[in-house]
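To keep things clear, I will list the structure first and then write my remarks on it.
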Amino acid sequence: MRSSYATVSVIISSSFVHQFRRTFISLKAMATEDSLRRALADKQSTIDARGTAIRQLKSSGASKSEIDEAVKALNALKLEKTSIESQLKASISGDANGSAVSRDAFRQAVVNTLERRLFYIPAFKIYRGVAGLYDYGPPGCAVKSNVLAFWRQHFVLEEDMLEVDCPCVTPEVVLKASGHVDKFTDLMVKDEKTGNCYRADHLLKDYCKDKLENDLTMSADKAAELKHVLAILDDLSGEQLGAKIKEYGIVAPDTKNPLSDPYPFNLMFQTQIGPSGASTGYMRPETAQGIFVNFRDLYYYNGNKLPFAAAQIGQAFRNEISPRQGLLRVREFTLAEIEHFVDPDDKSHPKYSEVSKLEFLMFPRDEQMSGQSAKKLCLGEAVSKGTVNNQTLAYFIGRVYLFLTLLGIDKNRLRFRQHLPNEMAHYAADCWDAEIESSYGWIECVGIADRSAYDLRAHTDKSGVALVAQEKFAEPKEVEKLVITPVKKELGLAFKGSQKNVVEALETMNEKEALDMKAALETKGEVEFEVCTLQKTVTIKKHMVTIAKEIKKEHQRVFTPSVIEPSFGIGRIIYCLYEHSFYMRPSKAGDEQLNVFRFPPLVAPIKCTVFPLVQNQKYEEVAKQISKSLTAAGISNKKDITGTSIGKRYARTDELGVPFAVTVDSTSSVTIRERDSKDQIRVNVDEVAAVIKDVSEGRSEWDDIKKKYPAHTAASADE
Ligand code: AMP
């Protein structure tokens with residue numbers, strides 16, 4: 001969540017990723033690492049002392065047998081040291097048995113499969129591409145459209161949200177009001193000789209990670225310090241980042257040249273609207289502003305009722321300083337955003353009880369600051385203890401958890417991390433990021449923020465259009481109001497031409513300021529008062545203003561709604577889903593590793609493949625007929641009538657994550673094979689479409705279907 005428009009969005013833990021399953025670095029693991037570092041340091045000093053002793057033995061003319069004995073003991077110590085080093089390396093990499101494929105090799109296997117099967121393609125590849133821009137190929141497009149369809153179902157339809165679709169090109173005034181023109185920045189450092197640019201926080205993070213993973217001689221205290229820096233990276237100011245870069249002697253990675261101090265770089269792509277060049281615009285860096293500027297009309301469309309939510313799916317553009325990590329940090333990406341407008345005095349949610357019992361990994365800010373790890377918490381308890389600010393925010397956290405896990409994200413590698421104090425924008429009431437662990441570490445994929453009334457107020461001020469809601473009272477209410485009445489005649493005499501500025505400043509005092517002034521005027525008779533528009537302080541005397549509480553009748557309450565914003569980076573979610581779904585299994589002959597994506601049917605790019613077992617016209621006719629009935633039932637499917645061996649055809653579809661394969665081996669009944677279990681059942685030709693539809697749309701589970709139909713027990717055609 002780039003809430004203060006100047007923060008980092010990816011936290012990488014110091015752990016590696018295991019090929020198939022990964023557990024969190026527990027406190028126990030950290031303790032092991034610390035004790036191994038201490039043991040290594042102790043062993044090294046014993047070795048040094050023994051080395052000195054041997055030299056002394058030699059110079060004092062000790063006997064050969066005495067020296068040989070000492071050298072033997074020294075060699076034994078060196079062997080022990082090597083053993084501690086290997087244990088430490090294994091502990092750092094989380095690869096204790098030494099047999100797991102490293103995170104880099106795992107990532108390479110996933111990425112190779114994704115690129116080879118055209119899930120995605122580096123954009124403009126024939127011209128050597130552009131960093132941070134990617135195309136989605138056919139299976140990638142299908143996965144993305146399935147994820148978006150489910151997002152619409154799970155949020156827009158389920159919550160009755162108002163979906164809008166606004167332009168990407170946005171006039172400057174909108175983004176000036178929202179704060180993006182001035183503050184949508186990341187901190188950048190430059191190579192002082194070549195001018196190459198780097199993200200300051202990324203360099204510091206890489207330095208800490210590299211040291212922790214590769215410097216085995218580092219003391220346990222230093223390791224703890226670097227881990228702490230990683231934990232609070234998002235909280236560091238520009239000055240603090242610069243100071244750490246200097247302290248650690250970090251230089252430009254490519255040239256080893258010195259670096260400049262960090263300075264802010266605005267991430268928006270600027271453009272001109274129209275041919276004259278007179279009107280500046282930007283490619284939107286988020287979709288939210290399109291919703292805020294339409295608040296008045298949407299509120300009216302909703303029958304002037306709160307709460308309600310508007311939603312938007314669309315492209316966002318950010319000129320990232322150093323795009324890296326493949327699909328995770330790109331310069332154009334799809335965002336799906338929700339702006340839920342709510343009365344700031346009532347942030348309860350009618351459907352809160354549907355999620356309050358959920359339990360999942362949460363990482364409150366206190367745990368982060370004290371170096372602990374994420375813990376399983378009950379959402380309802382987190383709200384009642386005040387860890388999560390309010391019910392509506394918690395409701396969306398719960399819904400996001402359900403959305404991601406139903407898509408196929410591993411719940412053990414999903415955590416909700418609360419923003420650290422400096423990371424959160426000053427106006428925000430509370431923010432949580434849904435982070436997913438991948439081979440790149442913990443990645444922020446969804447930001448869920450209570451942005452209070454900031455955005456609507458900012459657009460009200462700039463546009464002059466009141467973006468407010470009203471609560472009509474059934475009966476007029478008598479309310480006590482603080483009324484500030486500047487005495488214009490006296491102020492005119494005292495301040496002449498500046499009278500208007502002073503009057504305005506007095507009238508816009510908040511209740512606390514006004515009450516303080518009233519108290520000071522009553523005791524001292526005068527008070528010093530700062531008038532921002534005059535950029536000076538003036539003296540207000542008792543006769544220049546009256547401040548009194550009065551009882552007034554009011555028919556309605558007018559207020560600026562608060563906004564709760566879940567913001568989904570669709571590309572990041574999809575990439576993490578690819579990693580969480582990927583596994584390899586040996587071929588039957590055991591001579592090859594076959595790649596499989598275990599996508600749930602909901603997201604699988606194709607739900608079913610249809611193969612004739614052998615090339616034969618009768619079987620091909622049946623295959624065509626089945627494919628037609630699947631298409632008519634709205635099930636995406638693909639025929640493969642090549643003469644390739646059935647095993648190879650299964651391997652090809654497993655690599656695309658197709659959950660079901662129909663093999664035509666007779667004209668009356670066929671086999672249906674499930675991808676992960678490789679179980680096969682026999683089903684009559686005219687029932688196939690209905691069975692596949694049921695199981696791929698989640699109305700039946702494969703295990704239930706299996707009970708209903710005979711297993712296909714003939715010598716498996718699988719391999
Ligand atoms: P933010 O407005 O910075 O909180 O971003 C909202 C969401 O957009 C994040 O949770 C990410 O999932 C996603 N996101 C932000 N920056 C990028 C990027 N450069 N590439 C891909 N996704 C991004």
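Going by the structure shown, is ARG103 more than 30 Å from GLU339 (Cβ to Cβ) and in contact with a His (Cβ under 9 Å, 6 or more places away or on another chain)? Answer is yes for this residue.
Could you list all residues from the range 307-322 that are closer than 22 Å to ALA434 by Cβ and open to solvent by 20 Å² or more (accessible area, probe 1.4 Å)? Residues satisfying the conditions are PRO307, ILE313, GLN315, ARG318. Can we say SER322 is within 21 Å of TRP442 (Cβ to Cβ), among the hydroxyl-bearing types (Ser, Thr, Tyr) and in contact (Cβ under 8 Å) with a residue 40 or more places away in the chain? So SER322 fits the description; yes. Beta carbons closer than 8 Å, at least 6 apart along the sequence or on distinct chains, pair a first residue in the range 122-148 that is in contact (Cβ under 8 Å) with a residue 40 or more places away in the chain and within 15 Å of the ligand (Cβ to nearest atom) with a second that is open to solvent by less than 50 Å² (accessible area, probe 1.4 Å) and acidic (Asp, Glu) for GLY132/GLU320.
Is it fair to say ARG585 is in contact with an Asp or Glu (Cβ under 7 Å, 6 or more places away or on another chain), surrounded by fewer than 24 Cβ atoms within 10 Å (Cβ to Cβ) and at pLDDT 90 or above? Judged against the criteria, ARG585 is not a match. Just to be sure, is LEU594 under 32 Å from the mean Cα position of the chain (by Cα) and within 28 Å of ALA690 (Cα to Cα)? For LEU594, the condition - under 32 Å from the mean Cα position of the chain (by Cα) and within 28 Å of ALA690 (Cα to Cα) - is not met. When the residues of the range 638-665 are filtered to those that are without any contact (Cβ under 8 Å) to a residue 40 or more places away in the chain and either small (Gly, Ala, Ser) or in contact with a Gly (Cβ under 6 Å, 6 or more places away or on another chain) (or both), the one that is nearest to SER581 (Cα to Cα) is SER645.
ASP686 - would you say it is surrounded by fewer than 23 Cβ atoms within 10 Å (Cβ to Cβ), more than 42 Å from the chain's Cα centre (by Cα) and within 30 Å of GLN153 (Cβ to Cβ)? Answer is yes for this residue. Pairs are defined by a Cβ separation below 8 Å, a sequence spacing of at least 6 or placement on different chains, a first member in the range 493-504 that is more than 10 Å from VAL538 (Cα to Cα), and a second member that is modelled with pLDDT under 90 and open to solvent by less than 40 Å² (accessible area, probe 1.4 Å); the pairs so defined are SER498/VAL531; ASN501/VAL531.
For the range 544-557, residues that are out of contact with any Leu (no Cβ under 9 Å at 6 or more places or on another chain) and open to solvent by less than 100 Å² (accessible area, probe 1.4 Å) total 5. Restricting attention to the range 527-534, does a residue exist that is at positive phi and in contact (Cβ under 8 Å) with a residue 24 or more places away in the chain? There is no residue in the range 527-534 that is at positive phi and in contact (Cβ under 8 Å) with a residue 24 or more places away in the chain. On inspection, GLU719 does not qualify as surrounded by fewer than 20 Cβ atoms within 10 Å (Cβ to Cβ) and modelled with pLDDT of 90 or more. Selection of the range 404-442 for residues being among the hydroxyl-bearing types (Ser, Thr, Tyr) and out of contact with any Gly (no Cβ under 9 Å at 6 or more places or on another chain) yields THR405, TYR427, SER438, SER439. Residues in the range 108-127 that are part of a loop (DSSP other than H, G, I, E, B) and open to solvent by 20 Å² or more (accessible area, probe 1.4 Å): ARG117, LEU118, PHE124. Filtered by the rule that a residue be within 14 Å of the ligand (Cβ to nearest atom), modelled with pLDDT under 95 and open to solvent by 10 Å² or more (accessible area, probe 1.4 Å), the range 411-450 gives MET424, ALA428, TYR440. Among helices (runs of 4 or more DSSP H) entirely within the range 128-228, having at least 3 residues that are in contact with a helix residue (DSSP H, G or I) (Cβ under 7 Å, 6 or more places away or on another chain) and open to solvent by less than 70 Å² (accessible area, probe 1.4 Å) singles out 138-151, 172-178, 200-214. Taking the conditions (1) within 14 Å of the ligand (Cβ to nearest atom); (2) in contact with a Pro (Cβ under 8 Å, 6 or more places away or on another chain); (3) not in a loop (DSSP other than H, G, I, E, B) in turn, VAL330 satisfies each one other than (3). Scanning the range 216-250 for residues that are within 14 Å of HIS202 (Cα to Cα), of a type in the set (A, V, I, L, M, F, W, C) and in contact with an Asp or Glu (Cβ under 8 Å, 6 or more places away or on another chain) yields a total of 3. Among the residues of the range 302-319, is there at least one that is more than 16 Å from the ligand (Cβ to nearest atom), out of contact with any helix residue (DSSP H, G or I) (no Cβ under 8 Å at 6 or more places or on another chain) and under 30 Å from GLN108 (Cβ atoms)? No, there is no match, as no residue in the range 302-319 is more than 16 Å from the ligand (Cβ to nearest atom), out of contact with any helix residue (DSSP H, G or I) (no Cβ under 8 Å at 6 or more places or on another chain) and under 30 Å from GLN108 (Cβ atoms).
Scanning the range 558-577 for residues that are β-branched (Val, Ile, Thr) and surrounded by fewer than 22 Cβ atoms within 10 Å (Cβ to Cβ) yields VAL558, THR560, ILE570.
Exactly one residue out of SER636, SER669 is touching a strand residue (DSSP E or B) at 6+ places or on another chain (Cβ under 8 Å) and open to solvent by 40 Å² or more (accessible area, probe 1.4 Å), and it is SER636.
When the range 351-373 is filtered for residues that are modelled with pLDDT of 95 or more and crowded, with 19+ Cβ neighbours inside 10 Å, the ones remaining, listed by number, are VAL355, SER356, PHE360, LEU361, MET362, PHE363, PRO364. Which of the residues belonging to the range 603-626 are open to solvent by less than 30 Å² (accessible area, probe 1.4 Å), within 30 Å of VAL147 (Cα to Cα) and without any contact (Cβ under 8 Å) to a residue 60 or more places away in the chain? Matches in the range 603-626: THR609, VAL610, PHE611, ALA623.
Can we say ILE672 is within 22 Å of ALA632 (Cβ to Cβ), touching a Cys at 6+ places or on another chain (Cβ under 6 Å) and modelled with pLDDT of 95 or more? Against the criterion (within 22 Å of ALA632 (Cβ to Cβ), touching a Cys at 6+ places or on another chain (Cβ under 6 Å) and modelled with pLDDT of 95 or more), ILE672 does not qualify. Would you check if THR185 is over 24 Å from the mean Cα position of the chain (by Cα) and over 29 Å from LEU656 (Cα atoms)? Answer is no for this residue. The residue pairs whose first member lies in the range 426-448 and is farther than 20 Å from TYR575 by Cα, whose second member is of a type in the set (Gly, Ala, Ser) and within 12 Å of the ligand (Cβ to nearest atom), and whose beta carbons are closer than 7 Å, counting only pairs six or more residues apart or on different chains, are ALA428/SER3; ALA428/ALA449; CYS431/SER3; CYS431/GLY447; CYS431/ALA449. For the range 247-301, residues that are within 16 Å of the ligand (Cβ to nearest atom) and either more than 30 Å from VAL446 (Cα to Cα) or not in a loop (DSSP other than H, G, I, E, B) (or both) total 10.
The values are calculated or read from the model by the stated rules, or taken from the named source; none is laboratory data. Everything numeric in this text was worked out from a predicted model, so none of it was measured. Because the Cβ atoms are built from the backbone with ideal geometry, glycine has one as well, and the counts that use them run over all protein chains shown. What goes into the accessible areas is simple: the full protein's heavy atoms, side chains included, and nothing from ligands, DNA or RNA. Shrake-Rupley method; radii C 1.70, N 1.55, O 1.52, S 1.80 Å.
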